[in-house]
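Read-outs throughout are calculated quantities, based only on the coordinates presented, and are distinct from any laboratory measurement. It should be emphasised that the depicted structure is a prediction, and the values quoted were computed from it without experimental measurement. For neighbour counting, all protein chains shown are included, and Cβ atoms are generated from backbone atoms with ideal geometry for every residue, glycine included.
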Amino acid sequence: MSAPSIAIRQRRPFGASLLHVPQTLRALVRADEVWLVILAAVVGGLAGVCVVVMNITTGFLHVSLFALPAGTKLSEAPALVPIRAFLVPTLGGVLLGAIAYLLTRYYPHRAIDPVEANALFGGRLGLKDSLVVTGQTVLSNGVGGSVGLEAGYAQIGAAVASRLGRAFRLRRNDLRVILGCGAAAAIAGAFNAPLSGSFYGIELIIGTYSLATLPPVIIASLCGVFMVRALIGGTPRLHVVLPHTIHGLDYVPLLAVGVVAGLVGIAIMRGVTLTEDLFRRSGAPVWMRPVFGGMIVGTLAILTPQVLSSGHSALHATIGIAAPGFAVATVLLLKSVASAVSIGSGFRGGLFFASLFLGSLVGKVFAAMVTVVTVLPQMPQGLYAVVGMSALATAIVGGPMTMTFLALESTGDFSVAPVVLGASILSALTVRRIFGYSFTTWRFHLRGEVIRSAVDIGWIHNLSVGRMMRRDVRTIRTDMDLEQFRREFPLGATQRVVVLDHRGAYAGILYPAEAHAAEQAAQRVGEILHHQDHMLTESMSIKEAIAAFEQAECDALAVVDSPERRQVRGLLTEQFALRRYTEELDRRRRELSGE
């Protein structure tokens, strides 16, 4: 082997070898959906491995840093050594702040999440960035930050899937589906709930349901669950006593839990934003904010360890135990503050797990209030906890079907399906009517993104003016007289001409028919121009271009490099833009319907 070839191999970037899958395999996966399902199974297994590694790592950190007894999980511990409860989140904040500082200085990449990747980038999600996010999530949870691991689960599962999909050079729609498979498998493995994971991938990551997307997502979720079970055993079911039947009048307070959970979810999401704003206005540098956040969380942990980590083990330990309303409300308040402070100060993680625990507390508090104000026969407090768990998770995360199946698979009791689904839908409607966002889409909104779901809108951005315009545009100067123009452009030769000023910048559009009808042949073309202030730029999307045509009330506009320089780059007609837009819409419709 020659020296140059060795040098080329040495310079190959991380993960580049995955982009060289044999052509035969690529062709099979691209041509036959059965092979796509097989690829989804592989993705599911790898996502399950990632979940296991993350769980083992965080469990080791919890036991080592907080000196937990054998077999005890962090948030279910009855008490912690006060100095450890305070110092571990505080020193963890120091480490997270240092990492944030180093990343800002030496690796200034803004990582995207699976929803954003599918909505804007056709399923392309960077593996390096995702490993960084996953590492920060594991560390944040491991030092006791009141955040869940689900963001890291979905991130790394989707990133591995996206990398494999690009290795097989999948089409845009197939790449979006396989990314959803990775996230679905990770969530399914984490909760030991294949149906919940499947609907998580469909409702929240892919954004639409079709018969073409269902098989690979379900297979991936099953493989993720089987992998986790084989390596460390699955997550046990919730131990809670539920009634076999629910009578008519009992539905009223149970469904009301959905509305209350929606309002609480809005308050939590607003609280996270308010906390971030307070930290930002405090003047503390970004790397110091996790330190202050860790100090606050550590102080709350001295009162109760249930505020630490995601609260997943606390949910399993307490959901079936009846407790006084005041005590439950106190834990609800402390956990809500801890979660808002953790995320607001810079700890990495999500609110999925936390919302399940918080939702169970909301249900219990509501049950205690019902006991006081009504004379109806009382349903078990655990039932209210299960309904509140699903309803609050729906309010914050979204996906009523996902949360309904999660409740059913977690409890193993399908008799509560109607009330859980009803409360989840009411919660979703409450948030939609009053607030309008889930936690993820609210974060996008704060960043200025126009994303409401994972539905693919990236093609709109890709179908830009620069890609559609004609570049062979003939131009003239404003000082040309009409006589000369008539000689060079006979009537019927063209419908419009782009005119430049003496500096070579865009001046307007001239219609030849109007020039030939003018009475004064000595008149300059610059005197009868149109659309001097209406133009397009190459970076505009097709929707922005169509809006510009409507505002200018014309059928063609010049394309310039920028409104300031006004150097002409081409011409775009409204007819062509509308035709391309219609073609793309029809293509997306056929993809969604599986045609």
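Gain in length, PHE60 to LEU429, computed as 0.36 nm per residue apart minus the alpha-carbon separation, to one decimal in nm?
Numbers: separation 369, 0.36 × 369 = 132.84 nm, distance 4.03 nm.
Between PHE60 and LEU429, full extension yields an extra 128.8 nm.
Please compute one quarter of the surface area of the Cα convex hull for segment 324-367 and express it in square nanometres.
Spelled out: convex hull of the Cα atoms, projected over all directions, averaged, 2.8 nm².
I need LYS364, LYS543, LYS335, LYS73 ordered by Cβ neighbour count within 10 Å, fewest first.
LYS543, LYS73, LYS335, LYS364
In nm, what is the difference between 0.36 nm times the number of residues separating THR245 and ASP481 and their Cα-Cα distance?
Value of the extension gain: 76.1 nm.
Give the order of CYS223, CYS554 when sorted by the count of other beta carbons within 10 angstrom, beginning with the fewest.
In increasing order of surrounding Cβ atoms, one gets CYS554, CYS223.
In nm, to one decimal, how far is the modelled label at GLU488 from the one at THR104, with both set 7 Å along Cα→Cβ?
5.6
What list of whole percents do you get for P(r) of the chain, with Cα-Cα distances grouped in 20 Å bins up to the one holding the largest distance?
19, 43, 26, 11, 2
Measure off 7 Å from each Cα along the Cα-to-Cβ vector at MET369 and GLN551, then give the distance between these two points in nanometres to one decimal.
4.7
Principal axis extents for segment 460-591, Cα atoms only, whole Å, descending order, please.
Extents along the principal axes: 57, 31, 25 Å.
Calculate, axis by axis, the spread of Cα positions in segment 292-353 along the three principal axes, and write the results as whole Å, longest axis first.
Sorted from largest, the Cα extents of segment 292-353 read 34, 21, 14 Å.
So what's segment 286-410 giving for Rg/Rh, alpha carbon basis, Kirkwood Rh from the mean inverse pair distance?
Rounded to two decimals, Rg/Rh equals 1.01.
Express in nm, to one decimal, how much length is gained between PHE414 and GLN532 on full extension, taking 0.36 nm for each residue of separation and deducting their alpha carbon distance.
In short, 35.8 nm is gained.
Give me VAL240, VAL264, VAL257 ranked fewest to most by other Cβ atoms within 10 Å of their Cβ, as a rough exposure proxy.
Fewest-to-most ranking of VAL240, VAL264, VAL257: VAL240, VAL264, VAL257.
I need the GluC sites (Glu not before Pro) found in segment 484-561, filtered to DSSP loop residues with at most 15 other beta carbons within 10 Å of theirs.
Passing sites in segment 484-561 are GLU519, GLU553.
Suppose each label sits 7 Å from its Cα in the direction of the beta carbon; what would the SER282-GLU584 distance come out to in nanometres?
Computed distance between label sites SER282 and GLU584 equals 4.4 nm.
Cα to Cα, under 25 Å, and not fewer than 8 places away if on the same chain: which lysines meet these conditions relative to LYS364?
Cα-Cα hits under 25 Å: LYS73, LYS335.
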